[in-house]
Amino acid sequence: MKNVIQSVLLLAVLVSTKGAQELTYYVQVGETVTLKPPGVDSQKYVYWYFNGIEIAWRNNMGTTWTYKDSPWKDRLALSDDSLIIKNLQQEDFGIFKYECKVQSETYVKKTYKLLKLTVSVNPTAPLLPGENVALSCNAETDGHKKPEIHWLNPQGVKMRTGQLNWRATSQDNGHWTCVVKKEQESLAKVYVTVIDLSPAPLSPQYTSTSRLLTIPCSLPSYISWEQIKAKDIQELHWQFIPEPGLSPQELFSLSLEDPLTSKAGPIRGRHTVKDPKNKNLSLTINQVREEDRGNYVCALRFKNGVSLNRTVHVKVLQITSSPGTELISGQQLNLTCSLGHPLPPDLRLKWFPPEQSVLSSSSLGSDGHPTHLTIPEVGTGDGGKWRCALWQNNTELTSAEITLKIESKLSVWMLVVICSVAVIFLLLILVFILYQRRQRKMRHLGRRLCQCKNPKSKGFYRT
Ligand SMILES: *[C@@H]1O[C@H](CO)[C@@H](O)[C@H](O)[C@H]1NC(C)=O
Ligand SMILES: *[C@@H]1O[C@H](CO)[C@@H](O)[C@H](O)[C@H]1NC(C)=O
Ligand SMILES: *[C@@H]1O[C@H](CO)[C@@H](O)[C@H](O)[C@H]1NC(C)=O
């Protein structure tokens, strides 16, 4: 019997020590922390204490209370028996206790120790690639075992130490997370801002001849123009590389020091950058031509020599007609709709002939039309607007147009006949006039001859 009592007591001690676990939380000043109880039992009373002072409770009727005065004013809340501490202050680092009771008997106890975590980034202002940046993560120690500390970079890759110091690159932009591990993990985040241009579109920009094209280039919204100017920005350049391997041609260059002044270009008068001060460095090309196909490089240069750039691919769809756009019915016509290179397998073309044409969009095949169309003998119905659209999946990327003028053969022959008749008629008139003149001349001459040779006409003599 004595043995049984002893073992029951031992069990009770075990239970109570197991119930009184201590949890360590690493938190930063200003953060909101939620202390979770081991379980929720609405039949029981719940009490929260800070350094021995009661700061919150809930009774078995569901009534709750939290400490409303300083230093906890507006910073404490109870939710499902969890204690929420907002805007953590320097004075809050200490011991929080949770107790769950029925009348005076305590069922569960738990202790929460808040320890201070300090993370910092230096400098806090945005950086240019190549500039030094330092991160530090310090965890307060409570005399026990030190926690394990490491950093995660924005890509989630683990960095070994709590202190980091390196030269920033564009990939370093984003949230860095300090992970502090003791019984459980605590996370603290800082933001490192590395100035760079927004990512260029992955797919090419499709357009067609005669259109207006905007080639995107911008600075991300989380960097202000003032922050950029503080980094001694110098120039914006737009360069054009018609084919890979060729050296870039300067299309447009703008000094970004106050006041904004255009340095070179706009070449050919078709290229403009409208809104650099709004961080929109997009290049607009008016009246796109076939030779605008190629790569465009948007580059920002800073006084310290750093240059940021992005490349955008531009594809121009064009319809060409052989032998030309003005034809006579019966002629052979070749139409070509092309980007200047064979179409990749994920793109297809769709032709839209004029309504009266013998060729119709459906007669050309349901999925994908050929690049080259040959019409052995054009008719007047083939005159008008031909459209060729470029599709990817179910999206029309762009479309090109050409207008053909076709004279009927008949009208051409009629024109020839009318002209010939007119010419013949004119010739006849000319011949007639000439004949008349000749006649008149002859008569005149005849009279003169009479007078000279025979002064007296024999017929008038009556002898
Ligand atoms: C930049 O300006 C162009 C027009 O010039 C506009 O089409 C484009 O949407 C703008 N981009 C941004 C990011 O505001
Ligand atoms: C663009 O920047 C890369 C480095 O980020 C550089 O190697 C390249 O030469 C630059 N291109 C141009 C056209 O300035
Ligand atoms: C049209 O193309 C064919 C070959 O596809 C060629 O033999 C013909 O000469 C071309 N006609 C014209 C008018 O260009």
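The values are calculated or read from the model by the stated rules, or taken from the named source; none is laboratory data. Quick caveat: nothing in here was measured; it's all calculated off a predicted structure. Neighbour counts run over all protein chains shown; Cβ positions are idealised from the backbone, glycine included. Calculation scope for accessible area: heavy atoms of the full protein, side chains included, ligands and nucleic acids excluded. Shrake-Rupley method; radii C 1.70, N 1.55, O 1.52, S 1.80 Å.
What the table shows:
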read-out	value
Residues satisfying the stated conditions in segment 281-335, i.e. within 16 Å of ligand 2 (Cβ to nearest atom) and under 29 Å from W391 (Cα atoms)	L281, L283, G294, N295, Y296, V297, C298, R310, T311, V312, H313, V314
Candidates V297, V358, filtered to the one that is among the aliphatic types (A, V, I, L, M), part of a loop (DSSP other than H, G, I, E, B) and more than 16 Å from ligand 1 (Cβ to nearest atom)	V358
Test: residue in segment 183-200 that is within 30 Å of C388 (Cβ to Cβ) and not in a helix (DSSP H, G or I)	yes
Members of segment 295-328 that are on the phi > 0 side of the Ramachandran plot and open to solvent by less than 10 Å² (accessible area, probe 1.4 Å)	none
Residue in segment 114-139 that is farthest from ligand 2 (Cβ to nearest atom), counting only those that are open to solvent by 30 Å² or more (accessible area, probe 1.4 Å) and hydroxyl-bearing (S, T, Y)	T118
Filter pass, Y107 being within 30 Å of G62 (Cα to Cα), open to solvent by 50 Å² or more (accessible area, probe 1.4 Å) and not in a loop (DSSP other than H, G, I, E, B)	yes
L333 being within 15 Å of ligand 3 (Cβ to nearest atom) and open to solvent by less than 20 Å² (accessible area, probe 1.4 Å)	yes
Residue count, segment 417-463 (criterion: modelled with pLDDT of 55 or more and part of a loop (DSSP other than H, G, I, E, B))	0
